[in-house]
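Input: a single structure, listed below in structure tokens.
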Amino acid sequence: MITKYAIEKSLLFDGFEGEALAGSFELNTHIEAGGPVRIADFAGNRFEDLKGTIDSADYKAILKTGNFTIDEGFLHLLKGSSGLGLFFCKRNDAILVFAFGETQPMRYKLYLEGVWVVV
């Protein structure tokens, strides 16, 4: 059950890939998110995989409150800010959702989309 959430859409990074991979990013949210995040913390966790790790009702609630869009491709992947793919990271009871990807050749952006506490 989701006990609280914060839609904290904020740009955490805008620059070259190497800088993104080497850096850590401070999360400015009123929900405890467990400190800075690195790309490696969520890169292997496509948002669609979250469906198999939490209750279906919670997954649907995150989709609704996050206001994510579905791309028009044949995979129908969910997209966040700047049309970037969504990823997630679980820390204790918090689920952090990020939009990350290449926006121009060699230029990457990372957004914190929101934090949901699921207990």
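The values are calculated or read from the model by the stated rules, or taken from the named source; none is laboratory data. These numbers were taken from a predicted model, which means no experiment stands behind them. Neighbour counts run over all protein chains shown; Cβ positions are idealised from the backbone, glycine included. Protein only, heavy atoms only, side chains kept; ligands, DNA and RNA dropped before computing areas. Shrake-Rupley method; radii C 1.70, N 1.55, O 1.52, S 1.80 Å.
Observations on the model:
- Shape annotation for the chain: C-alpha extents along the principal axes are 39, 36, 21 Å, from largest to smallest.
- Sum of -39500 (n - 2.57) over DSSP H runs of 4+, divided by residues of the chain (222 nm, nearest 500): -4000 deg cm²/dmol
- Cα-based convex hull, region 1-61, per residue volume (Å³, whole number): 111 Å³
- Fully extended contour minus Cα-Cα distance, from residue 4 to residue 60, at 0.36 nm per residue: 18.7 nm
- Per residue accessible area in Å² of region 1-57, where ligands, DNA and RNA are left out and the probe is 1.4 Å: 61 Å²
- Of the solvent-accessible surface of the chain, computed with a 1.4 Å probe over protein heavy atoms with every protein chain present, carbon and sulfur atoms account for 53 percent.
- Note on region 2-118: with charges restricted to the Cβ of Lys and Arg (+1) and Asp and Glu (-1), its dipole about the Cα centre is near 180 debye.
- Loop-resident sites, region 1-62, for trypsin sites (Lys or Arg not before Pro), counting at most 11 other Cβ within 10 Å (DSSP): none
- Shown are 72, 8, whose ranking by accessible area with a 1.4 Å probe and every protein chain present, most to least, is 72, 8.
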